[in-house]
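Worksheet: one structure, shown below.
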Amino acid sequence: MSKKLIKNIGVLATPTGSYAKSGKEQGEITIYKDAAIVCENGEILGIYTGDTIPNGQFDEIIDAKGQLVTPGLVDSHTHLVFGGWREHEVPLKLRGASYLEILEAGGGIIDTVRNTRKDSFKELYDKSMGLLDDIKKLGITTIEIKSGYGLDIENEMKQLEVIREMRKNTLVDICPTFMGAHAVAPEFAGKPDEYVDYIVNEMIPELERRNHEEEIPLAVFCDVFCENSAFNVEQSRKVLIAGKKAGLIPKIHADEINVIGAVPLGTEMNAISADHLIMIDNDGINHLADSATIATVLPSTSFYLGEHFAPAKELIKRNVPVAIASDFNPGSCPSYNLQLAMNLAYLKYRMTPAEILTAVTLNAACAVDMADKVGTIERGKQCDIVIWKAKNLETLLYRFGDNMAETVIKKGEVIC
Ligand code: NIG
Ligand code: FE
């Protein structure tokens, strides 16, 4: 039994509950002043204020020194495991080449596929664990990671095995997603239907078999890039249905560059989240408003692509729960800094600090089906906490470019 006290919290800010917050509720968080948290064996036992702050025997006392405390951040959309980087694309981009033009010319995602296939399991594991070490320091205590740079059975499994090995060796909760439908594999260039058949008839059945036979599943979610030059609605539907039959929860990359029907497909599939939504139109918002699908917006990608920013405020107004994630990947967003995404959400989406906090904690936890354990500071949830170098949320969101996390606590352990 290990009992810990986090004392001297100036402002404790947290959403509450275990369901995704939308509309007005997204901006309604609970604030405790001069608070303390007690946790036992990695779980929150209670939150105390004023005179009720407990005295007693603790194995460890952590002093928050009057600063802001929030739940650990949840990054619900990353492509963290990949070989190489793509710095050579920046000059192309600056000369006017679009993201899809680079992909169509055999670069972009396909370039990363070549490098990911080349790397051994150990090379990928060491690189990814190194990245995760830096990500933790930013206050991220739960993270989703997708495959999608293997695009054949051997290399998709290699990526998923790397993710699983990472899960075994970190306290950070890692949520694994199969994304064999990230781009058409080079062997199937010009034959997307045949590649989809390969995913549906060979890749997913192999994944299902292994998910059943092995102790820790390789994937929990199935994602698809529903976009021109990637997969159309019909092809994406086939992949998500096959994933569902194999027990995988659907997610979808929707309306990132073009509106081709990805959002209605996502809601038809009951996707847990539809992600990007840069170009979403009124019809798409109507579909989300009538569904349980969470809108995950990725402001750092809009910034890096030089694109529009998703209509996050409109989504909130229309009662769609909004999560914010990094989309960390070597192409459209080579930054894992979720704090930067929060700054962009403040300035570009014009979300309020409270809406942003809900978006990177509770709503993101819901988007990775983890809200029963993480995403809020409440009795019974994991003790995942960030002590910030800021007195309140407004200060945290006003500062940018520096890592504002002072102390990161995961399951009651100080990890950074
Ligand atoms: O979410 N659009 C598809 N996937 C990623 C980009 C991946 C890459 O360019 O390597 C995204 O933006
Ligand atoms: Fe993505």
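For every residue, the table says whether it meets (1) among the acidic types (Asp, Glu); (2) more than 16 Å from ligand 1 (Cβ to nearest atom).
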| position | (1), (2) |
| --- | --- |
| 200 | no, yes |
| 214 | yes, yes |
| 249 | no, yes |
| 271 | no, no |
| 282 | no, yes |
| 298 | no, no |
*Tell me, which residue of region 264-282 that is within 22 Å of residue 351 (Cα to Cα) and free of Cβ contacts under 8 Å to residues at least 60 places away in the same chain is most open to solvent (accessible area, probe 1.4 Å)?*
282
*Which pairs have Cβ atoms under 9 Å, sit 6 or more apart or on different chains, and link a residue in region 300-325 that is closer than 14 Å to residue 345 by Cα to one that is open to solvent by 40 Å² or more (accessible area, probe 1.4 Å) and at pLDDT below 95?*
301/307
*Here are some conditions: (1) within 16 Å of ligand 2 (Cβ to nearest atom); (2) open to solvent by less than 10 Å² (accessible area, probe 1.4 Å). Residue 334 meets all but one. Which one does it not meet?*
(2)
_Long-range neighbours under 9 Å by Cβ, at least six apart or interchain, first residue within 18 Å of residue 370 (Cβ to Cβ) and modelled with pLDDT of 95 or more within region 161-180, second surrounded by fewer than 24 Cβ atoms within 10 Å (Cβ to Cβ) and of a type in the set (Asp, Glu)_ = 164/214; 167/173; 170/133; 171/413; 175/369
*Report, by residue number, each residue of region 214-223 that is more than 15 Å from ligand 2 (Cβ to nearest atom) and open to solvent by less than 10 Å² (accessible area, probe 1.4 Å).*
218, 219
*Are there any pairs, at least 6 apart or on different chains, whose C-beta atoms fall under 7 Å, with the first in region 3-30 and in contact (Cβ under 8 Å) with a residue 40 or more places away in the chain and the second of a type in the set (Gly, Ala, Ser) and in a strand (DSSP E or B), and if so, which?*
5/36; 6/36; 7/36; 9/35; 9/36; 12/35; 29/13
*Working only within region 116-155, note down all residues that are farther than 30 Å from residue 406 by Cα, part of a helix (DSSP H, G or I) and touching an Asp or Glu at 6+ places or on another chain (Cβ under 6 Å).*
153
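Conditions (1) within 16 Å of ligand 2 (Cβ to nearest atom); (2) modelled with pLDDT of 95 or more; (3) surrounded by 19 or more Cβ atoms within 10 Å (Cβ to Cβ); (4) not in a helix (DSSP H, G or I), marked per residue:
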{"site": "212", "(1), (2), (3), (4)": "no, yes, no, no"}
{"site": "225", "(1), (2), (3), (4)": "yes, yes, yes, yes"}
{"site": "229", "(1), (2), (3), (4)": "yes, yes, no, yes"}
{"site": "236", "(1), (2), (3), (4)": "yes, yes, yes, no"}
{"site": "251", "(1), (2), (3), (4)": "yes, yes, yes, yes"}
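The values are calculated or read from the model by the stated rules, or taken from the named source; none is laboratory data. Just so it is clear, the model here is predicted, and its values are computed rather than measured. With ideal geometry, Cβ positions are generated from the backbone for all residues, glycine too; neighbour counts draw on all protein chains shown. Ligands, DNA and RNA are stripped out before the accessible areas are found, and what is left, the full protein with its side chains, is counted by its heavy atoms. Shrake-Rupley method; radii C 1.70, N 1.55, O 1.52, S 1.80 Å.
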